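The values are calculated or read from the model by the stated rules, or taken from the named source; none is laboratory data. Remember, it's a predicted structure, so these values are computed and weren't measured experimentally. Ideal geometry is used to build each Cβ from the backbone, glycine not excepted, and the neighbour counts take in all protein chains shown. All accessible areas refer to the heavy atoms of the entire protein, side chains included, with ligands and DNA or RNA removed. Shrake-Rupley method; radii C 1.70, N 1.55, O 1.52, S 1.80 Å.
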Amino acid sequence: MNTTFNKIIGLTLVLGLFLACGNKPKNTQAEKDYQRAARYFVADESFSPILNEELDIFRYQNILDTLEVQYTNEQEAVKKLMKLETWLAFTTRDLTKNERQSLEDRKYLPRTIPVAYDGLAIIVNNSNPDTCITVKDFKRILRGEASQWKQLYPSSKLGEIDVVFDNPLSSTVRWCVDSLLSGKEFSAPNIGAVKTSAAVIDYVERHPGALGIIGSNWLNDSRDTTNVTFKKNITVMKVSRMDTATAENSWRPYQYYIYNGNYPLIRTIYALLNEPRNGLPTSFAHFVRLPKGQMIIHRAGLLTIQAGMNVRQVIVNGNYND
């Protein structure tokens, strides 16, 4: 009996050691590569206001979370995803057919998750009296067909239209090229770029002839929870689809005007996910799409994917407030 008992004890110890060894993290190169890419996600810099808040709340809910964010331009974000340096990228475009096929050929399963709608905002200096513009004239500026303010507004006393983007490779530039110019790159000498969205706002504030293009999530005054107050140091132009822009047929990128389609410069924000397992990048991508993540997007002044908006008309001094 003792012999049998000893055999049972010995077998139990062997099995315990085997299982314990099996539970140890794999130290393979593939595992190291996965962990390295899972440490952070990448995003176009223009989304930093909302993604910083999303990440703060996500970390609060996940105490052991070590996920980081790296802000860059959209082109670099997609490159990092394709090179498997990260499993998650936030952009304003889907993967191309070739990009998706490349990942699938390497036995991955890329997913595209729409998370929000953003208005592309056109901003000018507070001293500029002309605050309405048509999509047609905006295209003329980007094509280099109109480089002086008086070509758009004959009574303007301003000189050259000094166009400034956030980054030469940003989602803002790519959206304008693809959606407004049918893929034709900018060539006008008066069109340039700085490095960040904050730098665009600062530039426009200091230059009377400037015209800046940024994502609308950079505009909201955080003290106003109704999302109808924009930053005071610059003016947000009203944009019209009509041939002539008036105060009545032009709109600013407020949530409701993005929601009902009145505002014409709307883009979708996507989470491009390629993680081969359900780790932190996958959890964060889905968190942004879930109710708490969508509430953060709503508070930032963007339109949520599942937009359940309560719409009220407010009359002030006999006029509808826009």
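Taking the full set of protein chains and a 1.4 angstrom probe, give the accessible area of residue 286 in square angstrom, rounded to the nearest 10.
90 Å²
Which value in nm describes the separation of the simple spin-label points at residue 36 and residue 107, placed 7 Å from the Cα toward the beta carbon?
It works out to 1.9 nm between the two label points.
How would you classify the stretch 136-281 from its alpha-carbon gyration tensor, with a ≥ b ≥ c the square roots of the eigenvalues: rounded for a/c under 1.5, else prolate if a/b is greater than b/c, otherwise oblate?
Prolate, since a/c reaches 1.5 and a/b exceeds b/c.
Rounded to the nearest 0.05, what FRET efficiency do residue 206 and residue 277 give with R0 = 51 Å and r taken as the Cβ-Cβ distance? Could you check?
0.60
At 1.4 Å probe size, with the rest of the protein present, what percent of the exposed accessible area of the stretch 18-156 is carbon and sulfur atoms?
Taking all protein chains in place, the stretch 18-156 shows 51 percent carbon and sulfur surface.
Using 0.36 nm times the number of residues separating residue 127 and residue 246, minus their current alpha carbon distance, what extension gain do you get?
Additional length available on full extension: 41.0 nm.
Using a 1.4 Å probe, how large is the accessible area of residue 83, given in Å² and rounded to the nearest 10?
130 Å²
At residue 79 and residue 62, where each label point lies 7 Å from the Cα along Cα→Cβ, what is the point-to-point distance in nanometres?
2.7 nm
Show me, for the stretch 198-212, the HN-Hα J-couplings you get by feeding each phi into the Karplus relation (A = 6.51, B = -1.76, C = 1.60, θ = phi - 60°), rounded to Hz, glycine and proline as x.
Listing the rounded values in order: 4, 5, 5, 4, 4, 5, 5, 4, 9, 10, x, x, 7, 9, x Hz.
Please tell me which of these pairs span more than 21 angstrom C-alpha to C-alpha: 97/139; 79/107; 97/292; 79/136; 195/292?
97/139; 97/292; 79/136; 195/292
For the stretch 285-294, take each phi angle, set θ = phi - 60°, evaluate the Karplus expression 6.51 cos²θ - 1.76 cosθ + 1.60, and give the result in whole Hz per residue in order, putting x for glycine and proline.
4, 6, 4, 4, 8, 7, x, 5, x, 5
List the residues, sorted by chain then number, that are 5 or more residues from residue 252 or on another chain and whose placed amide H is less than 5 Å from its amide H.
Placed amide hydrogens put 239 under 5 Å from residue 252.
Does a label point 7 Å from the Cα of residue 53, set along Cα-to-beta-carbon, have any residues of the stretch 165-202 with amide nitrogen under 18 Å, and which are they?
Zone members listed by number: 197-198.
Name the residues whose placed amide hydrogens come within less than 5 Å of the amide hydrogen of residue 196, ignoring near sequence neighbours (fewer than 5 apart) on the same chain.
Sorted by chain and number, the residues that satisfy this come to none at all.
For a quick check: with amide H placed at 1.01 Å from N, whose amide H comes under 5 Å from residue 245's, ignoring anything fewer than 5 positions away on the same chain?
134
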